[in-house]
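Asker: Here it is, the structure in full.
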Amino acid sequence: GAVVSQHPSRVICKSGTSVKIECRSLDFQATTMFWYRQFPKQSLMLMATSNEGSKATYEQGVEKDKFLINHASLTLSTLTVTSAHPEDSSFYICSATRQGGGYTFGSGTRLTVV
Amino acid sequence: EDKVVQSPLSLVVHEGDTVTLNCSYEVTNFRSLLWYKQEKKAPTFLFMLTSSGIEKKSGRLSSILDKKELFSILNITATQTGDSAVYLCAGGGSNYKLTFGKGTLLTVNP
């Protein structure tokens, strides 16, 4: 079945540094990648939608200069949290769609900013 | 703005009980309703529903969609402690975007 590999699964970084999260579709071409954030005991909140080769579309309230999304190929999308602060600590997860429908989630990245 | 509301937010039952989880939705250009189970990490896919009135089953789990009432239910029969998790409902709309509900925290006690 379709698999999305997400790395790293857990990262701890210092305040002010940047962190890059990768999502790679292993056996299919991801036409669209969705990036979500989930705070403790909350649901998944969509941050942005990216299509290969074009700029990401960000949801209201999500800073595009802080959360940089790159979807340079049909199998790789990255989310970079720039100048991370403790309030950015959260669970970040990607989800890919492919032709024919269906959503495949990555395994998630738990980010802790200290 | 798209909205998905789940109820109850939490539920505690004993092993063997049957539970029904509810999900109502308001999603523009609705395409599908999805159910996921989330334990420690990423959500695990359970069902995707696109047609009204057709029940989908997988073992002890089943789900059905009512597109007229904008509603879906997830049933779990003969619950087991391994069913303890957060169950998420999501509505798929324009451009395949998913809007998630807050989830139902199910706790199954032995």
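Asker: So A:Gly61 ticks every box in (1) assigned to a strand (DSSP E or B); (2) within 14 Å of chain B (Cβ to nearest Cβ); (3) surrounded by fewer than 17 Cβ atoms within 10 Å (Cβ to Cβ) but one. Which box is left unticked?
Answerer: Of (1) assigned to a strand (DSSP E or B); (2) within 14 Å of chain B (Cβ to nearest Cβ); (3) surrounded by fewer than 17 Cβ atoms within 10 Å (Cβ to Cβ), only one is false for A:Gly61: (1).
Asker: Right, here's the next one. How many of the residues making up the stretch A:57-114 are over 19 Å from B:Tyr96 (Cβ atoms), touching a residue at least 60 places away in the same chain (Cβ under 8 Å) and basic (Lys, Arg)?
Answerer: 1
Asker: Go through the stretch A:77-114 and give me each residue that's open to solvent by 20 Å² or more (accessible area, probe 1.4 Å), more than 11 Å from chain B (Cβ to nearest Cβ) and among the charged types (D, E, K, R).
Answerer: Correct list: A:Glu87 only.
Asker: Ok, one more. Between residues in the stretch A:1-22 that are at positive phi and residues that are open to solvent by less than 70 Å² (accessible area, probe 1.4 Å) and among the small types (Gly, Ala, Ser), which pairs lie under 8 Å by C-beta distance while being six or more apart or on different chains?
Answerer: From the stretch A:1-22, the pairs are A:Gly16/A:Ser83; A:Gly16/A:Ala84.
Asker: In the stretch A:18-33, what residues are at pLDDT below 95 and open to solvent by less than 30 Å² (accessible area, probe 1.4 Å)?
Answerer: A:Ser25, A:Phe28, A:Ala30, A:Thr32, A:Met33
Asker: On the given criteria, is A:Ser15 open to solvent by less than 70 Å² (accessible area, probe 1.4 Å), among the small types (Gly, Ala, Ser) and within 17 Å of A:Gly106 (Cβ to Cβ)?
Answerer: No.
Asker: When you scan the stretch B:77-97, do you find a residue that is free of Cβ contacts under 8 Å to residues at least 12 places away in the same chain and either open to solvent by 70 Å² or more (accessible area, probe 1.4 Å) or hydroxyl-bearing (Ser, Thr, Tyr) (or both), even just one?
Answerer: Checking the stretch B:77-97: at least one residue is free of Cβ contacts under 8 Å to residues at least 12 places away in the same chain and either open to solvent by 70 Å² or more (accessible area, probe 1.4 Å) or hydroxyl-bearing (Ser, Thr, Tyr) (or both).
The values are calculated or read from the model by the stated rules, or taken from the named source; none is laboratory data. Everything numeric in this text was worked out from a predicted model, so none of it was measured. Note: ideal-geometry Cβ built from the backbone for every residue, glycine included; neighbour counts use all protein chains shown. These accessible areas exclude ligands, DNA and RNA; they are computed on the full protein's heavy atoms, side chains included. Shrake-Rupley method; radii C 1.70, N 1.55, O 1.52, S 1.80 Å.
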